[in-house]
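Here's the structure we're looking at; comments come further down.
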Amino acid sequence: MLKNYILMNQNTKVLKFEYDNELNVITNILENYNIKYAPLNIKNIEEVKRRIELNNWFNDRGIPIYRDNVKEIIEAFGINNIKELINKDYGLSVSDQYWFKPEDENIKWGEINYFQKDYGSINFTNATYGSGASKYLKQTIKNKPDKTPNNTSNGQLKKVWIKKDNENYLYKGAGTIHNFEPINEVLASLICEILDVPHATYTLDVVKGNRQNTLVSVCKCIINRNEEILPAYTILTEEKEKVQKTIKDYYIYLKILNENNVPNAEEYLQKMFMLDYILLNEDRHLNNFGVIRDIKTLEWKRICPIFDTGRSMNTNVTTSYWNFKEGEIKCFTNELISSKNLEPLFTIKIKEEQIEKLKELQEKYKEMLEKYSEYTKLSKEEIQMLTEGYKQRIEVFEKIMKEKNKIL
């Protein structure tokens with residue numbers, strides 16, 4: 001069944017498109033209105049290719065077919081294809097302000113958006129963390145079950161958005177061999193605090209269901225109702241002829257941010273990669289860092305706060321391959337590369353007291369690993385290996401910064 005929709009950015013009309021609700025595909029762009037308010041990769045592309053890129057953007061907005069609990073979500077909502085959820089609730093998200101307005105409906109942004117409005121997450125919570133989990137989180141149904149930003153929560157790991165005290169919180173589980181990603185998220189936010197770089201602040205919780213308990217990380221939404229996240233991947237699309245998919249792309253990316261007057265771009269990017277260097281982050285892909293844009297002025301306001309650092313400290317590697325002396329990371333690359341490749345990027349100075357505070361986190365890391373070992377299934381020996389591994393990473397970081405004469 002074909003139906004016409006208007007892509008909206010809050011209350012601004014961007015373009016009109018025709019959508020096939022059976023095939024879940026945009027079949028035609030009918031009219032452009034205010035294209036400068038479109039998603040960046042849609043705005044800056046030739047007209048003839050816009051429909052293709054709009055479909056790509058639309059699909060990336062949804063839950064991927066490789067989500068750990070995708071089967072349970074499909075069953076919970078009685079749908080045939082996970083793509084059906086993307087347009088089930090106007091395509092609403094809490095990562096930006098875009099939505100899909102049916103041409104024949106008279107509805108406004110203020111009546112539906114989830115930065116201001118409550119929503120239901122019960123079906124998603126139970127499908128994600130097991131039957132009864134929603135009772136533990138004390139959720140109530142204030143809308144129909146499919147009225148929720150969880151319809152557009154992309155990414156592989158089990159996750160669910162929950163509204164608490166008028167704030168949007170993301171509860172995210174684990175999905176690697178050792179399952180201590182949530183603990184790594186908390187450690188990463190503590191490191192970011194010491195390095196003095198914008199970041200999402202994570203805490204830990206255990207979601208209790210009727211048949212299982214799940215360790216999760218919890219953080220607030222990192223944007224407000226007048227902002228959107230511009231992922232690094234989108235930012236680099238204009239430079240795709242120059243992008244090499246190597247660490248050299250860092251300099252291309254930094255140049256773009258400086259041209260758009262993003263404050264402290266070099267300092268904050270370096271500190272993000274210092275974090276990745278210390279924790280051996282294997283998953284700093286181009287969609288989990290970027291820039292925050294004001295959707296009214298279209299100004300690039302600031303570096304996106306650091307988030308999604310869970311897949312670190314060899315959590316997806318068997319213990320026989322744990323390597324904390326060098327280790328591997330990703331940096332503008334699809335494949336893993338040696339962490340030593342990050343060292344030339346570090347040109348700013350940090351303080352000796354910051355190094356000392358980073359060392360003190362070893363005990364905090366150990367405490368968290370021991371406290372939640374029931375959920376990670378880490379042995380005492382493995383916890384000791386991890387805490388010693390963290391200590392080793394700080395020592396390696398301190399050594400290279402001293403060699404570069406970058407410690408005050």
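S131 meets each of the listed conditions (1) touching a residue at least 40 places away in the same chain (Cβ under 8 Å); (2) under 26 Å from N4 (Cα atoms); (3) part of a loop (DSSP other than H, G, I, E, B) apart from (2).
What residue, among those in the range 162-217 that are of a type in the set (D, E) and touching a strand residue (DSSP E or B) at 6+ places or on another chain (Cβ under 8 Å), is farthest from S134 (Cα to Cα)? I'd like the intermediate steps shown before the answer.
Our first condition is that a residue be of a type in the set (D, E); within the range 162-217, this holds for 165, 167, 181, 185, 193, 196, 205.
Applying the additional criterion that residues be touching a strand residue (DSSP E or B) at 6+ places or on another chain (Cβ under 8 Å) yields 167, 181, 185, 193, 205.
Values: E167: 17, E181: 22, E185: 23, E193: 32, D205: 13 Å.
The qualifying residue farthest from S134 (Cα to Cα) is E193.
Here the range 89-125 is the region considered, the condition is being of a type in the set (K, R) and surrounded by fewer than 17 Cβ atoms within 10 Å (Cβ to Cβ), and the residue that is nearest to N287 (Cα to Cα) is K117. I'd like to check something: does the range 155-173 contain any residue that is more than 30 Å from N264 (Cβ to Cβ), assigned by TED's automatic domain parsing to the domain that holds I65 and assigned to a helix (DSSP H, G or I)? No, the conditions are met nowhere in the range 155-173. Only residues that are in a loop (DSSP other than H, G, I, E, B) and either of a type in the set (V, I, T) or in contact with a strand residue (DSSP E or B) (Cβ under 9 Å, 6 or more places away or on another chain) (or both) were counted across the range 63-87, and they come to 6.
Could you check the range 177-284 for strands (runs of 3 or more DSSP E) lying wholly inside it with 1 or more residues that are among the aromatic types (F, W, Y)? Before you say what the answer is, go through the steps one by one.
Values: elements: 203-208, 213-220, 227-231.
Strands (runs of 3 or more DSSP E) meeting the threshold: none at all.
For M8, the conditions (1) at pLDDT below 95; (2) part of a strand (DSSP E or B); (3) among the hydrophobic types (A, V, I, L, M, F, W, C) all hold with the exception of (1).
Selection of the range 332-345 for residues being part of a loop (DSSP other than H, G, I, E, B) and in contact with a helix residue (DSSP H, G or I) (Cβ under 6 Å, 6 or more places away or on another chain) yields only F332.
The single condition from (1) under 20 Å from H178 (Cβ atoms); (2) touching a residue at least 12 places away in the same chain (Cβ under 8 Å); (3) of a type outside the set (A, V, I, L, M) that N341 fails is (1). Which ones in the range 12-52 are of a type outside the set (A, V, I, L, M), touching a Ser or Thr at 6+ places or on another chain (Cβ under 9 Å) and not in a strand (DSSP E or B)? Y33, N34, Y37, P39, N41, N44, R51, listed by residue number.
Would it be correct to say that T297 is within 27 Å of W109 (Cα to Cα) and either in the same structural domain as Q244 (by TED's automatic domain parsing) or surrounded by fewer than 23 Cβ atoms within 10 Å (Cβ to Cβ) (or both)? Before the answer, list the steps.
Values: within 27 Å of W109 (Cα to Cα): yes; either in the same structural domain as Q244 (by TED's automatic domain parsing) or surrounded by fewer than 23 Cβ atoms within 10 Å (Cβ to Cβ) (or both): yes.
Answer is yes for this residue.
For the range 1-37, the set of residues classified as within 17 Å of I52 (Cα to Cα), touching a Phe, Trp or Tyr at 6+ places or on another chain (Cβ under 8 Å) and surrounded by 18 or more Cβ atoms within 10 Å (Cβ to Cβ) consists of Y5, I6, L7, V14, L15, F17, Y19, I26, listed by residue number. Only one of the numbered conditions (1) over 25 Å from G310 (Cβ atoms); (2) of a type in the set (S, T, Y); (3) at pLDDT below 95 is violated by S153, and that is (1).
For K71, the conditions (1) closer than 26 Å to K117 by Cα; (2) surrounded by fewer than 21 Cβ atoms within 10 Å (Cβ to Cβ); (3) more than 20 Å from the chain's Cα centre (by Cα) are fulfilled apart from (1).
The values are calculated or read from the model by the stated rules, or taken from the named source; none is laboratory data. Model, not experiment: these values are computed from the prediction. All Cβ positions, glycine included, derive from the backbone under ideal geometry; neighbour counts span all protein chains shown.
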